[in-house]
Amino acid sequence: MAELIEYKCPCCAAKIEWDSAAQKMKCPFCDSEFSIEELQSYDDVLSDPNANQPSPDEERIAEWEQGETEGMRVYSCKTCGGQVIADETTGASQCPYCGNPVIMAGNFSGDLRPDFVIPFKLDKEAAKKALTQHMEGKFLLPKVFKSQNHIDEIRGVYVPVWLFDADVDAAFRYEATKVRTWRDQQYEYTETSYYDVRRTGGMGFERVPVDGSSKMDDTFMESLEPFDFGQAKPFATAYLSGYLADRYDVTVEQSQPRADDRIRESTRRAFLATVQGYTSVEPRQEQIALKNRSASYALYPVWMLGTSWNGNQYTFAMNGQSGKFVGNLPADKGKAWGMFFGVTAGAAVLVYLITMALSETKQGNLLMAAIIALIIGGITMMSLLGQLKSVAAKNEASAYVRDEKVNVTQRDDRFVNTKTERRMLPQAREGGQGGGPGGGPTVQD
């Protein structure tokens, strides 16, 4: 049988849990506090080779219909003897009979034992308050969503995370241009100079996180980044008391490609940023080699909130360390289109009046005003709709660059050739004016 670890107060025998404010284990009855070091003896069970052996109750589950009990485990509560049924990845839960927080120690033994844990710093009330603040100032959020929305479930969860380190050797080649224009009385001239640009060097990345639980939405975890690993602690099961916890069910091998993709994208961006002073830069070739890879296993604190409104379910999440809150909100479509047409109409009138004062071509003014107004209305609506969306995957790992720098070992910017084009000005075509040198050239960056 997988053994359940419970923490009881040495003073009054009441159950004790991790207190995020005190950053210690605390008894809610006598207010006694205990450091993790004082409770380290509870972790002895992790080395018990029998920690994952099934109980007689677990064996009897096999009498259920075929496939119905796949992945299920039965645990026994030490306080009241109640049986706790959970899936094979659950690491911490709560006894449904006596309410004691319980830890499935067998799910964190051997290779499943995390290297690190970032303890919760914010409590459940902070998560509830963050949800309210998350809905403030959202113009297109339906007003009734706030009044009729209610929290169905709120859970503090330790999410399993793989942390990847890697060094990168990279080489890039770019095609870059510098453009300048000038004009005389007849023509406008455009001169384009082409360059072959090369960059070679390296970077280092530390603790790039990848969600190790198939039950946790990867985009939620990436949206909650960054977590401050400087506050991580060596793993001890006492940190899990009072919270839910999962062990990983996505292996390090399965998670590696996601970390590699993020590392490569950050490498591309970092080296591209070193190519400056050009009008345009286009990547042409790249070589990115990852080496010195290593991985560690940690648990990150997340508050998960489930709410319902208008027959739909909405999920929100809060970083249990920093308080960063994410979750997509619904939009009032009627208000969105009303705002779009209102802004567009107002912008059209304003642009028309401005262009009328500067030009005598009425038809051209109307067309220009309509185009500009539609652009302004569209940008405004998309901006307000974007306020409702906060869950998005991270495609890079810039927050995890070692020493926050890129080491460029070779810079090579070679001039290739120059091309010059000329275009006759409209007034020259209409008036048949002769050529001649005009004013000095102007440079476009």
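Residues checked against (1) modelled with pLDDT under 95; (2) among the small types (Gly, Ala, Ser):
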{"position": "230", "(1), (2)": "yes, yes"}
{"position": "237", "(1), (2)": "yes, no"}
{"position": "244", "(1), (2)": "yes, no"}
{"position": "247", "(1), (2)": "yes, no"}
{"position": "255", "(1), (2)": "no, yes"}
{"position": "306", "(1), (2)": "yes, yes"}
Candidates 172, 164, filtered to the one that is in contact with a helix residue (DSSP H, G or I) (Cβ under 9 Å, 6 or more places away or on another chain), surrounded by 15 or more Cβ atoms within 10 Å (Cβ to Cβ) and more than 30 Å from residue 389 (Cβ to Cβ): 172
The range 312-329 residues that are closer than 17 Å to residue 153 by Cβ, paired with ones that are aromatic (Phe, Trp, Tyr) and in a strand (DSSP E or B) (beta carbon under 6 Å, 6 or more apart): 318/303; 318/325; 320/303; 327/316
Any hit, the range 242-257, residues being touching a strand residue (DSSP E or B) at 6+ places or on another chain (Cβ under 6 Å) and part of a helix (DSSP H, G or I): yes
Those residues of the range 371-397 which are loosely packed, with under 15 Cβ neighbours inside 10 Å and either touching a strand residue (DSSP E or B) at 6+ places or on another chain (Cβ under 6 Å) or among the small types (Gly, Ala, Ser) (or both), in sequence order: 378, 383, 386, 392, 393
Residue within the range 116-139 that is surrounded by 16 or more Cβ atoms within 10 Å (Cβ to Cβ) and in a strand (DSSP E or B) present: yes
Filter pass, residue 156 being closer than 19 Å to residue 303 by Cβ, assigned to a strand (DSSP E or B) and either touching a residue at least 60 places away in the same chain (Cβ under 8 Å) or of a type outside the set (Asp, Glu) (or both): yes
Residue pairs meeting the criteria (Cβ under 8 Å; at least 6 apart or on separate chains; first outside the structural domain of residue 200 (by TED's automatic domain parsing) and among the basic types (Lys, Arg), in the range 405-426; second surrounded by 11 or more Cβ atoms within 10 Å (Cβ to Cβ) and not in a strand (DSSP E or B)): 411/274
Residue that is outside any helix (DSSP H, G or I) and closer than 17 Å to residue 281 by Cβ, where the choices are 181, 192: 192
Tabulated pairs, the range 121-149, first under 16 Å from residue 304 (Cα atoms), second among the basic types (Lys, Arg) and at pLDDT 90 or above, C-beta under 9 angstrom, 6+ apart or interchain: 130/324
In the range 279-311, residue surrounded by the fewest Cβ atoms within 10 Å (Cβ to Cβ) [restricted to those that are touching a residue at least 40 places away in the same chain (Cβ under 8 Å) and outside any strand (DSSP E or B)]: 310
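Residue-by-condition table, conditions (1) aliphatic (A, V, I, L, M); (2) more than 23 Å from residue 399 (Cβ to Cβ); (3) at pLDDT 95 or above:
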| residue | (1), (2), (3) |
| --- | --- |
| 261 | no, no, yes |
| 267 | no, no, yes |
| 271 | no, no, yes |
| 278 | no, yes, yes |
| 284 | no, yes, yes |
| 288 | yes, no, yes |
| 292 | no, no, yes |
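The values are calculated or read from the model by the stated rules, or taken from the named source; none is laboratory data. Small disclaimer: the values here were computed from a predicted structure and weren't measured. Because the Cβ atoms are built from the backbone with ideal geometry, glycine has one as well, and the counts that use them run over all protein chains shown.
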